[in-house]
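Trainee: Please find one structure pasted underneath; my questions will follow.
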Amino acid sequence: MTNRQEPGREGRESPETGRLYGVGVGPGDPSLITVRAAELIGQADVIAYHCARHGRSHARAIAERYLTGHQLEERLMYPVTVETTEHPGGYRGALDDFYQEASERLAAHLDAGRTVVVLAEGDPLFYGSYQHMHKRLAHRYPTEVVPGVTSISAAAARLGTPLVEAEEVLTVIPGTLPEEELAARLAATDSAVVMKLGRTFPAVRRALERVGRLAEARYVERATMDGERTGLLAEIDADSVPYFSVAVLPSRVAALDSDGRPFEALAAPELPDGELPDGEIPDGELPGGERPVGEVVVVGTGPAGPLWLTPEARGALAGATDLVGYTTYLDRVPVRAGQVRHGSDNKVEGVRAEFALELARRGRRVAVVSSGDPGVFAMATAVLEAACEDPYRDVPVRVLPGMTAAHAAASRAGAPLGHDYAVISLSDRLKPWEVIARRLRAAAEADLVLALYNPGSKSRTTQVGSARDLLLEYRDPATPVVLARDVGGPTERVRTVALAELDPADVDMRTLLLIGSTQTQWVRRGGDGANGTDVVWTPRRYPES
């Protein structure tokens, strides 16, 4: 990039002003320096480089063959690296003072009309020391940044493994993050590179193991330099890991066979409405005959869309060989190369669960897709029920939570679930209406806020009216009722009505009802009409009797 100031502004270019160059020298092999970088290094009046207190600079060593021997050199030595400091501003204060002093040293050369090249390992603006000079000088002097090959590109090249393919996402993570944050980031992405290992290696390894991705992880040390080392990260001794190393989670898209052809994705058998198909469930054998350990992960995808998906759930969906679920919910999950999708009708939960377990028993990694939270009127129960019977007792099963519809709807309305509440399904397909009515009555007598799931459908049209009439025996007719439809989806609509005015015609299977207690408040904020907003909340403090 080139920064030029407008005429008349501070730092405008003049014959007496030198130029600043931030020059990337690549990952280590001097032959990977760009032509532009080599030209500028050879033409520079001043060569500057950062180093630790030992005085050695990797960037200078990489660029040494391009130096003329007649240039001024500015060695910008850090006062601290990882050790403690007595600086009154602490570690950050010591570095800020250093960066300011170093930039002033370079500014003196630029003011004298000298061309200054600041060497940077990899790319100057990618976790590089040069960027601290750039922020302090680029607005004052004409500046150009010359990109370099990053350690990420070098590591992928040395592994000979694609980093990302098709719609995969690459995440670059500093290993200095807290372990919990490392795990969340690693779980949520397709591919990743973790920088700044060294002393952070044990935490990075634990995070990879925690999210089930350690077996995928590769290790690259000193890529393109002398002493380069690569291998499986799980086999690396933590005490041997230097700062100049990275962890790599490569592309998950299927590799090529020995003839250079893509492996064929397994054909997905139709998930039946009744019994499981015989002989149509694919085995999980990998190239070379290795058989992986299968498992079933029941994944909660939230009420709608990727913004409601947890990092852990996102990672489980990305790492599965097979996705099983109601077709409408499967359609919310991005299509990935090599994955097999098994969609079915919404009324065959038991068959779907058994099918997923059979896939896992044959070595497949299966994600059973469930909307909302899989444990709330959803697929977790069906899977666990089948998993507790032969022949699936030994199949590993995990349940990953998701945001349930009640919590999503409550967030849109305000805080109606701010105190005790009950969750009840109005569907009488799996339990008689007499049970539903008894539970509604008990919750109403206990003055609980109610979250009502599955309130109505084309074939169930009486439940909402019956529930309303029953609750009016215990609640004021003005009690607020939140009607939340398709929360998080493209047709989202959330509004509040009085209990006495609840019209069953306004409710369908995609609607969730939140019915207040005697303490729930319903306030119009911000004015009347279109300018106002209804807010519903239930106080956390209950009045003493």
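The values are calculated or read from the model by the stated rules, or taken from the named source; none is laboratory data. Values in this document were obtained by computation on a predicted structure and should not be read as measured data. Please note: Cβ atoms are built from the backbone with ideal geometry, for glycine as well, and neighbour counts cover all protein chains shown. Areas reflect the complete protein model, heavy atoms only, side chains present, ligands, DNA and RNA absent. Shrake-Rupley method; radii C 1.70, N 1.55, O 1.52, S 1.80 Å.
Trainee: Identify the single condition in (1) open to solvent by less than 10 Å² (accessible area, probe 1.4 Å); (2) touching a residue at least 40 places away in the same chain (Cβ under 8 Å) that GLY113 does not satisfy, given that it satisfies every other one.
Mentor: (1)
Trainee: Ok, one more. Can you confirm whether ALA415 is open to solvent by less than 40 Å² (accessible area, probe 1.4 Å), among the small types (Gly, Ala, Ser) and touching a residue at least 24 places away in the same chain (Cβ under 8 Å)?
Mentor: So ALA415 does not fit the description; no.
Trainee: Right, next: Would you pick out the residues in the range 142-175 that are within 30 Å of VAL116 (Cβ to Cβ) and in contact with a Lys or Arg (Cβ under 6 Å, 6 or more places away or on another chain)?
Mentor: Within the range 142-175, PRO142, VAL146, PRO174 meet the criteria.
Trainee: List pairs: first in the range 220-248 and without any contact (Cβ under 8 Å) to a residue 24 or more places away in the chain, second assigned to a loop (DSSP other than H, G, I, E, B) and open to solvent by 60 Å² or more (accessible area, probe 1.4 Å), Cβ under 9 Å, 6+ apart or cross-chain?
Mentor: Close Cβ pairs satisfying both conditions: ARG229/ARG222.
Trainee: Then there's this: Given the condition at negative phi, of a type in the set (Ser, Thr, Tyr) and open to solvent by 50 Å² or more (accessible area, probe 1.4 Å), answer yes or no: does some residue in the range 526-534 qualify?
Mentor: Scanning the range 526-534, I find at least one residue that is at negative phi, of a type in the set (Ser, Thr, Tyr) and open to solvent by 50 Å² or more (accessible area, probe 1.4 Å), so the answer is yes.
Trainee: Against the definition (over 24 Å from ARG540 (Cβ atoms), part of a loop (DSSP other than H, G, I, E, B) and not aliphatic (A, V, I, L, M)), how does SER466 come out, yes or no?
Mentor: Criteria not met by SER466.
Trainee: In the range 29-69, how many are of a type in the set (Val, Ile, Thr) and open to solvent by 20 Å² or more (accessible area, probe 1.4 Å)?
Mentor: Of the residues in the range 29-69, 3 are of a type in the set (Val, Ile, Thr) and open to solvent by 20 Å² or more (accessible area, probe 1.4 Å).
Trainee: How many residues, within the range 329-364, are surrounded by fewer than 21 Cβ atoms within 10 Å (Cβ to Cβ), under 19 Å from VAL395 (Cα atoms) and either of a type in the set (Val, Ile, Thr) or in contact with a Gly (Cβ under 9 Å, 6 or more places away or on another chain) (or both)?
Mentor: 4
Trainee: From the list TYR91, TYR66, TYR99, exactly one residue is farther than 25 Å from ASP226 by Cα and in contact with a helix residue (DSSP H, G or I) (Cβ under 6 Å, 6 or more places away or on another chain). Which is it?
Mentor: Result of the check over TYR91, TYR66, TYR99: TYR99.
Trainee: Let me ask another. Filter the range 490-509 for residues that are among the hydrophobic types (A, V, I, L, M, F, W, C) and open to solvent by less than 70 Å² (accessible area, probe 1.4 Å); which is modelled with the lowest pLDDT? Talk me through it step by step, then tell me what you get.
Mentor: The initial filter retains those residues of the range 490-509 that are among the hydrophobic types (A, V, I, L, M, F, W, C), namely 494, 497-500, 502, 505, 507, 509.
Filter once more, keeping what is open to solvent by less than 70 Å² (accessible area, probe 1.4 Å): 494, 497-500, 502, 507.
On the way: VAL494: 95, VAL497: 96, ALA498: 97, LEU499: 97, ALA500: 97, LEU502: 95, VAL507: 92.
In this case the residue turns out to be VAL507.
Trainee: How many residues are at pLDDT below 95 and under 16 Å from ARG60 (Cα atoms) if we restrict to the range 123-153?
Mentor: 2
Trainee: Does ALA120 meet the test of being hydrophobic (A, V, I, L, M, F, W, C), surrounded by fewer than 18 Cβ atoms within 10 Å (Cβ to Cβ) and at pLDDT 95 or above?
Mentor: On the way: hydrophobic (A, V, I, L, M, F, W, C): yes; surrounded by fewer than 18 Cβ atoms within 10 Å (Cβ to Cβ): no; at pLDDT 95 or above: yes.
Taking the combined requirement at face value, the residue does not satisfy it.
Trainee: Give VAL241, VAL293 a once-over and let me know the one that is at negative phi and either modelled with pLDDT under 55 or open to solvent by less than 30 Å² (accessible area, probe 1.4 Å) (or both).
Mentor: Numbers: VAL293 fails: either modelled with pLDDT under 55 or open to solvent by less than 30 Å² (accessible area, probe 1.4 Å) (or both).
Only one candidate passes the filter, namely VAL241.
Trainee: Quick one: which of GLU144, GLU167 is in contact (Cβ under 8 Å) with a residue 40 or more places away in the chain and under 24 Å from the mean Cα position of the chain (by Cα)?
Mentor: Within the list GLU144, GLU167, the selection yields GLU167.
Trainee: For the range 87-132, how many residues are in contact with a Ser or Thr (Cβ under 6 Å, 6 or more places away or on another chain) and at positive phi?
Mentor: Of the residues in the range 87-132, 1 are in contact with a Ser or Thr (Cβ under 6 Å, 6 or more places away or on another chain) and at positive phi.
Trainee: Further question: Would you mention how many residues in the range 329-377 are under 22 Å from the mean Cα position of the chain (by Cα), outside any strand (DSSP E or B) and polar (S, T, N, Q)?
Mentor: 2
Trainee: Which ones in the range 69-109 are of a type in the set (A, V, I, L, M) and either assigned to a helix (DSSP H, G or I) or under 13 Å from ALA48 (Cβ atoms) (or both)?
Mentor: Passing the criteria: LEU72, LEU76, MET77, ALA94, LEU95, ALA102, LEU106, ALA107, ALA108.
Trainee: Follow-up question, since we're still on this one. Quick one: which of TYR453, TYR542, TYR474 is touching a residue at least 40 places away in the same chain (Cβ under 8 Å) and over 25 Å from MET403 (Cα atoms)?
Mentor: Every option except TYR542 fails the conditions.
Trainee: Checking the condition within 36 Å of the chain's Cα centre (by Cα), open to solvent by 10 Å² or more (accessible area, probe 1.4 Å) and under 19 Å from VAL449 (Cβ atoms), which residue from VAL487, VAL481 passes?
Mentor: It is VAL487.
Trainee: When the residues of the range 247-280 are filtered to those that are at pLDDT 85 or above and out of contact with any Asp or Glu (no Cβ under 8 Å at 6 or more places or on another chain), which remaining residue is nearest to PRO162 (Cα to Cα)?
Mentor: Within the range 247-280, the first condition is being at pLDDT 85 or above, and the residues that meet it are 247-251.
Filter once more, so that each one left must be out of contact with any Asp or Glu (no Cβ under 8 Å at 6 or more places or on another chain): 247-248.
On the way: ALA247: 14, VAL248: 10 Å.
Checked the range 247-280; the qualifying residue nearest to PRO162 (Cα to Cα) is VAL248.
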